[in-house]
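Presented below is the structure to which this report refers.
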Amino acid sequence: MAEQTASNKPVVATISLAGCFGCHMSLLDIDDRIVQFIDLFELNKSPVNDIKKFTKRAHVGLVEGGCCNDENVKVLRYFRENCDVLVSVGACAGNGGLPALRNKMPLQECLVEAYLDAPTAELGKAIIPYDEELPKLLDRVYPCHEVVKIDYYMPGCPPSAEVFWDTLTSVIKGQGFDLPVELIKYD
Amino acid sequence: MPKITFKIDGKQCTAEDGQNLVEAAADNHVYIPTLCHMKGEKCLGTCRVCMVKVNGKDMAGCTLSVSEGMEVTFDTPELNDKRKALIEMLFVERNHFCPSCEKSGRCDLQALAYRFKMHIPRFRYRYPFFEVYSKVDKLMLEHNRCILCQRCVEFIRDPDTNRKIFSMRNRTNKSMIQVDYRLANKMSEEQIDKAVAICPVGAIIKKGQGFDEAYGQRKYDQHPIGYEVDGGTNSK
């Protein structure tokens, strides 16, 4: 494969919102192709290299996890502004996943159950945490595509390393995104 | 029974006169997906995923009987997209969280979504609230996953009285399955296993038996749904 200089390599960025970083683990699971990955792509803002802010525009942004608080929404919009193609990665980004189990009940009930009525809560002293530094929880967990425009979806919890590789390579080549049936899994 | 000939997408097929279309198609190696129809059982016509076009009309394939010279359209982009949309509507209607479901990998709804290459439903998720019903000794009803196909309503009956054990309650988006817990507590192990097996999703769960098959070895991990009918030739 022709060696590409840092300036003309496709730029990839990743982020984990209300997720568990399982999808990032799965991305790292591409084994020895990680060497090819470094040859083919340039990684910009990502938890992997700890770049906090975009230093240049990204071609592909991979978003793991849905939006459960205002910080998530802010970061997701920041990604949309700075990425040409935004890919929703995994079950949480697609339908809220496990965090979205709270969507069935009001937020107040969840907080009371977790902080006030919890078996380990200290009687009389338990409070629901609040501080302006803490992100504000949303009324429910929103899938990414209900907040910003998403271009492609990778199903799976997490999507397998093959799905990551297939998606990244085909999106970069500008090809249509057509996963083979055996790679589509929701669990 | 006299043999008749009919056509599916121009393919010449033979079947017995009056045979159910879905079953006749399967005998001719054409897999028409269904979530409610079961071979040899009476037609329910609830899921509509078996939609085909006959005489210019979209109809549920499982409600039709084949007749001489019948021309059925099945595999067109338009019909495939309609079927896919129906599957997607089932996904957004209730809370289908595959990673936490006991039936994942053995679920007909999930397997059909794989077959239709659904990445995400095109519709907005509803996130309704349904409580899990667990008053029956050996069964749980997880309404959040129910697609209201009514297989359990029709095909699981009390052996002594032939009364229905499961039935429908409410209307519109509040419709749900309910269970007569007195009759359900009398169900035999085999009948419970049958109820769990015929449920196309993970709505009927046997207590004390959860994730008992390893990832990769479950029913639809090996082959996509409909493989035994069409050998994997028709991907839709």
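Within region A:124-161, being outside any loop (DSSP other than H, G, I, E, B), over 14 Å from the mean Cα position of the chain (by Cα) and either crowded, with 17+ Cβ neighbours inside 10 Å or away from chain B (no Cβ under 14 Å) (or both) holds for A:Leu137, A:Leu138, A:Arg140, A:Ala161. Has region A:106-129 got at least one residue that is touching a residue at least 60 places away in the same chain (Cβ under 8 Å) and in contact with a strand residue (DSSP E or B) (Cβ under 8 Å, 6 or more places away or on another chain)? No, there is no match, as no residue in region A:106-129 is touching a residue at least 60 places away in the same chain (Cβ under 8 Å) and in contact with a strand residue (DSSP E or B) (Cβ under 8 Å, 6 or more places away or on another chain). The set of residues from region A:101-123 being open to solvent by less than 50 Å² (accessible area, probe 1.4 Å) and more than 7 Å from chain B (Cβ to nearest Cβ) comprises A:Arg102, A:Leu107, A:Cys110, A:Leu111, A:Val112, A:Ala118, A:Ala121. Only one of the numbered conditions (1) more than 9 Å from chain A (Cβ to nearest Cβ); (2) open to solvent by 60 Å² or more (accessible area, probe 1.4 Å); (3) more than 20 Å from the chain's Cα centre (by Cα); (4) not β-branched (Val, Ile, Thr) is violated by B:Ala184, and that is (2).
When B:Asp221 is tested against (1) open to solvent by less than 50 Å² (accessible area, probe 1.4 Å); (2) more than 14 Å from chain A (Cβ to nearest Cβ), just one condition goes unmet, and that condition is (2). For region A:177-186, the condition of being more than 10 Å from every other protein chain (Cβ to nearest Cβ) and not charged (D, E, K, R) holds for none of the residues. Out of the residues in region B:123-150 meeting the condition of being at the interface with another protein chain (Cβ under 10 Å from one of its Cβ atoms) and at negative phi, tell me which one is most open to solvent (accessible area, probe 1.4 Å). Ranking the qualifying residues of region B:123-150, first place goes to B:Arg124.
Do we find a residue being part of a loop (DSSP other than H, G, I, E, B) and among the aliphatic types (A, V, I, L, M) anywhere in region A:162-185?
Of all residues in region A:162-185, those part of a loop (DSSP other than H, G, I, E, B) come to A:173-180, A:184-185.
Filter once more, so that each one left must be among the aliphatic types (A, V, I, L, M): A:179, A:184.
Within region A:162-185, one or more residues are part of a loop (DSSP other than H, G, I, E, B) and among the aliphatic types (A, V, I, L, M).
The values are calculated or read from the model by the stated rules, or taken from the named source; none is laboratory data. Because the structure is a prediction, the values reported are computed rather than measured. Using ideal geometry, Cβ is built from the backbone for each residue, glycine included, and neighbour counts are taken over all protein chains shown. For the accessible areas, the whole protein counts, side chains as well, though only heavy atoms, and no ligand, DNA or RNA atoms are used. Shrake-Rupley method; radii C 1.70, N 1.55, O 1.52, S 1.80 Å.
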